[in-house]
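The values are calculated or read from the model by the stated rules, or taken from the named source; none is laboratory data. Predicted model only: the values in this text are computed from it and were never measured. Backbone-built Cβ (ideal geometry, glycine too); neighbour counts: all protein chains shown.
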Amino acid sequence: MHIQEELSQRHVLSLTVSNEAGILARIAGLFTARGYNIDSLTVADITQDHGVSRITIVTNGPPKVIDQIIAQLDRLVPVHKVTDLTESGPFVERELALVKVAGTGEDRIEALRLADVFRAKVVDTTIESFIFEITGTTEKIDNFVGLMRQIGLVEVGRTGVVGLIRGKEAN
Amino acid sequence: MAEKSGADILVQCLVDLGVEVVFGYPGGAVLPIYDALYNHPTIRHVLVRHEQGATHMAEGYARSTGKPGVVLVTSGPGATNAVTGITDALMDSIPMIVITGQVPTQLIGTDAFQEADTIGITRHCTKHNYLVKDPGKLAGIIHEAFHIATTGRPGPVVIDIPKNVQIATAPYARPEFKVHASYHPQTRADAATIDAAVEMLAAAERPVFYTGGGVINSGPQASALLRELAALTGAPVTSTLMGLGAFPASSDQWLGMLGMHGTYEANWAMNQADLILCVGARFDDRVTGRLDAFAPNSKKIHIDIDRSSINKIVDVDVAIVADVASALDDIIALWKQRDHRHADLAEWWARIAGWRAKKSLDYAENGVEIMPQRAIADLYKACNATGKDVIITTEVGQHQMWAAQHFGFEAPNKWLTSGGLGTMGYGFPAAIGAQMGNPDSVTICIAGDASIQMNIQEMGTASQYRLPVKIFILNNEYMGMVRQWQELTYESRYSNSYSDSLPDFVKLGEAYGWTGIRIEGPQELEAGIRQMLDTDGPVIVDCRVAKLSNCFPMIPSGAAHTDMLLDPNQIAGVMSDEAKALV
């Protein structure tokens with residue numbers, strides 16, 4: 001007997017939640033308990049009184065599972081609103097990465113050239129290394145990291161995705 | 001504003017919220033609360049023998065009265081012992097408040113004596129939970145917790161209170177109700193969904209109502225409205241295990257329970273229907289059987305207060321997110337306003353009559369052994385004859401299914417069973433809780449010889465509070481349902497399903513000051529049951545039944561409704577790994 005899996009789609013979910021102790025564990029635990037996937041998860045408080053946080057979750061699953069994820073999140077008591085950015089119209093998503101590259105000679109020059117193409121900034125340097133700061137979509141950062149891997153990538157730190165719907169309205 | 005200690009604030013809130021009974025067990029981390037309850041004039045504390053018992057008592061109390069059940073336990077083992085009952089309440093949507101003591105705030109996280117991460121442990125088996133670190137916030141949280149536990153889809157809420165928060169003082173004023181920042185369950189349906197449902201119901205030629213525990217949770221009004229809508233539409237009605245009693249078993253329109261051990265007519269009606277109205281049920285695997293063969297040619301309307309139940313397992317055509325009573329009320333009003341008459345259902349009822357003629361609940365008797373089905377049927381007859389209000393609880397297993405099949409329920413809140421979690425050990429404490437809430441009712445726990453032992457220590461609780469509960473054990477000396485599955489799936493290799501070293505239940509009863517009765521053969525059955533019902537105090541009945549009886553009809557795991565087994569002779573060979581892997 002073999003276990004079969006269904007085809008998945010990537011979705012970016014944006015949640016506003018009461019900023020209370022344990023909220024992150026509640027949400028992360030819901031994903032593990034019900035077997036949903038988390039590709040990335042970001043959280044930070046977004047109101048002046050620190051009462052509400054925005055959580056952005058990148059997940060993947062068949063459409064029916066995505067519907068369930070939204071419904072399950074929505075019924076958690078401290079969750080104010082769940083928006084599926086992928087379904088709700090045009091939206092902006094960005095991720096920030098710090099990318100450390102070490103090398104000398106031609107590799108070092110190529111790293112700078114590529115950083116320029118990707119509009120990455122140098123935020124730390126030694127004679128033998130750089131740390132680049134890059135923002136963009138997940139795909140752009142994947143591409144940049146992939147290129148650096150060939151010319152001396154040491155390590156990467158990524159924030160995960162944040163996103164907002166385009167236009168003047170709040171979601 | 002007057003200052004009160006956290007413990008006094010808690011007790012004041014319980015009084016203000018109308019709490020009359022608390023099921024609990026003291027310990028170091030709740031001593032201040034127990035002191036505040038000492039000789040309390042209105043709140044009655046029921047001292048249990050094990051914290052799991054307290055949670056099931058609270059469930060039984062809640063399910064039979066419609067009021068939330070309240071549990072009070074200490075930190076660490078007190079809280080962890082309560083986890084099974086909390087999970088049970090979550091699965092069956094029972095309103096319950098569990099107050100747990102916690103080590104003082106300065107000791108949290110230090111592996112202190114009797115410390116457990118109660119909030120972490122119960123996060124996913126509660127509707128919501130709270131750790132209260134400030135006595136000033138306690139009153140607001142307790143009122144909010146009751147609101148959350150009892151509204152929307154009901155469920156258990158845990159409030160974890162460190163010991164120093166119980167002792168520290170804060171200004172107290174009774175909290176006013178305020179709209180919650182994020183918790184707003186939808187209880188009224190969108191008009192468009194009601195409109196669609198009414199038109200589909202009016203046009204249906206082969207409708208069936210598939211009802212569940214949500215009808216009971218919605219209150220007695222929902223059961224009354226269900227009966228009215230069934231009369232208006234002429235549709236047959238079936239129910240899940242949890243929904244029994246919402247529709248009267250004596251009605252001509254009643255098909256019996258559906259699902260794995262449901263009747264032939266209920267499951268075939270589901271399979272052949274052109275419209276299924278699902279009312280407060282959730283398409284559980286025990287109901288649907290093989291999903292791709294479930295009700296293949298029907299449109300489906302689903303009424304549920306929890307949006308996450310919609311399209312979770314079965315895709316539906318119309319989703320009505322609302323409280324059952326409110327949705328049924330809207331449907332009935334629109335049906336009447338449009339002056340609908342139901343379609344001619346004569347042909348549909350004729351087909352149902354054909355399925356009924358299979359008499360799927362019949363069983364053979366040999367005159368020597370008591371068939372368990374007979375024991376239930378006779379119990380039902382004898383209960384009816386008393387003319388008293390009867391509440392039935394069950395443990396989990398074959399006896400539970402036989403009770404569901406052979407005991408007829410006419411009213412809601414009279415049938416208490418663990419459906420979702422399937423918790424052995426539920427029924428007896430639930431009976432104690434139900435008896436506390438319904439002192440004038442006859443409360444009977446139908447049990448198996450294995451299940452009853454899971455919380456048998458609560459016999460002492462019933463004795464202490466003079467609760468005249470009855471335990472009716474169908475004793476076949478097996479974990480019958482396990483044995484049945486081993487017979488069906490594992491060529492009768494009865495691995496660890498024999499109940500060895502059973503106690504003498506009659507003597508055990510006597511040891512607790514109960515009346516013990518043994519029924520050993522068919523000729524003793526009627527008199528034994530009558531003696532149980534005629535005895536004023538608590539009674540334990542050891543009813544020896546046929547040891548190897550199996551529960552039929554049965555839809556094997558992963559099979560379609562139409563592949564139902566009606567008797568043991570239909571069992572064929574060895575199961576595939578795919579079938580074995582299903583629960």
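What to note about this one:
- Extreme residue, surrounded by the fewest Cβ atoms within 10 Å (Cβ to Cβ), among residues of segment A:114-149 that are assigned to a helix (DSSP H, G or I) and among the hydrophobic types (A, V, I, L, M, F, W, C): A:VAL117
- Among the residues of segment B:305-322, those identified as among the acidic types (Asp, Glu) and under 17 Å from A:ALA71 (Cα atoms) are B:ASP306, B:ASP315.
- Restricting A:GLU139, A:GLU106, A:GLU93 to residues that are under 30 Å from A:ARG26 (Cα atoms) and without any contact (Cβ under 8 Å) to a residue 12 or more places away in the chain narrows the list to A:GLU139.
- Index of the failed condition, B:SER326 passing every other in (1) over 30 Å from B:ARG153 (Cβ atoms); (2) in a helix (DSSP H, G or I); (3) in contact with a Lys or Arg (Cβ under 7 Å, 6 or more places away or on another chain): (1)
- Complete set of residues in segment A:67-84 that are out of contact with any Asp or Glu (no Cβ under 7 Å at 6 or more places or on another chain) and touching a residue at least 12 places away in the same chain (Cβ under 8 Å): A:GLN68, A:ILE69, A:GLN72, A:LEU73, A:LEU76, A:VAL79, A:HIS80, A:LYS81, A:THR83, A:ASP84
- Being surrounded by fewer than 19 Cβ atoms within 10 Å (Cβ to Cβ) and of a type in the set (S, T, N, Q) holds for only one residue in B:SER251, B:SER309, B:SER239, and it is B:SER251.
- A count restricted to segment A:2-26 and to residues that are at negative phi and either of a type in the set (Phe, Trp, Tyr) or within 8 Å of chain B (Cβ to nearest Cβ) (or both) stands at 5.
- B:LYS163 vs. criteria in contact with a Leu (Cβ under 8 Å, 6 or more places away or on another chain) and over 25 Å from B:ILE310 (Cα atoms): yes
- The set of residues from segment B:151-169 being of a type in the set (A, V, I, L, M, F, W, C), over 25 Å from the mean Cα position of the chain (by Cα) and either surrounded by fewer than 19 Cβ atoms within 10 Å (Cβ to Cβ) or within 13 Å of chain A (Cβ to nearest Cβ) (or both) comprises just one member, B:ILE167.
- Matching residues in segment A:117-159 - criterion: being more than 30 Å from A:ALA44 (Cα to Cα) and under 23 Å from the mean Cα position of the chain (by Cα): A:VAL117, A:LEU147, A:ARG149
- Matching residues in segment B:274-315 - criterion: being over 21 Å from B:GLY219 (Cα atoms), among the hydrophobic types (A, V, I, L, M, F, W, C), away from chain A (no Cβ under 14 Å) and part of a loop (DSSP other than H, G, I, E, B): B:PHE294, B:ALA295
- All positions within segment B:18-36 that are surrounded by fewer than 20 Cβ atoms within 10 Å (Cβ to Cβ) and either out of contact with any strand residue (DSSP E or B) (no Cβ under 9 Å at 6 or more places or on another chain) or part of a helix (DSSP H, G or I) (or both): B:GLY18, B:GLY28, B:LEU31, B:TYR34, B:ASP35
- Within segment B:261-287, being modelled with pLDDT under 95 and either surrounded by 24 or more Cβ atoms within 10 Å (Cβ to Cβ) or in contact with a Lys or Arg (Cβ under 6 Å, 6 or more places away or on another chain) (or both) holds for one residue alone: B:VAL287.
- Subset of segment B:440-455 [touching a Phe, Trp or Tyr at 6+ places or on another chain (Cβ under 9 Å), β-branched (Val, Ile, Thr) and farther than 15 Å from B:THR417 by Cα]: none
- Residue selection: B:ILE332 fails the criterion of being modelled with pLDDT of 95 or more, more than 14 Å from every other protein chain (Cβ to nearest Cβ), buried (at least 24 other Cβ atoms within 10 Å of the Cβ) and not in a loop (DSSP other than H, G, I, E, B).
- Listed by position, the helices (runs of 4 or more DSSP H) inside segment B:40-150 whose residues that are within 14 Å of chain A (Cβ to nearest Cβ) number at least 1 are B:77-91, B:118-122, B:135-150.
- Output for segment A:31-71, where each listed residue is more than 22 Å from B:VAL316 (Cα to Cα), of a type in the set (Val, Ile, Thr) and within 12 Å of chain B (Cβ to nearest Cβ): A:THR32, A:THR47, A:VAL52
- Residue check, B:GLN400 buried (at least 24 other Cβ atoms within 10 Å of the Cβ) and within 23 Å of B:THR238 (Cβ to Cβ): yes
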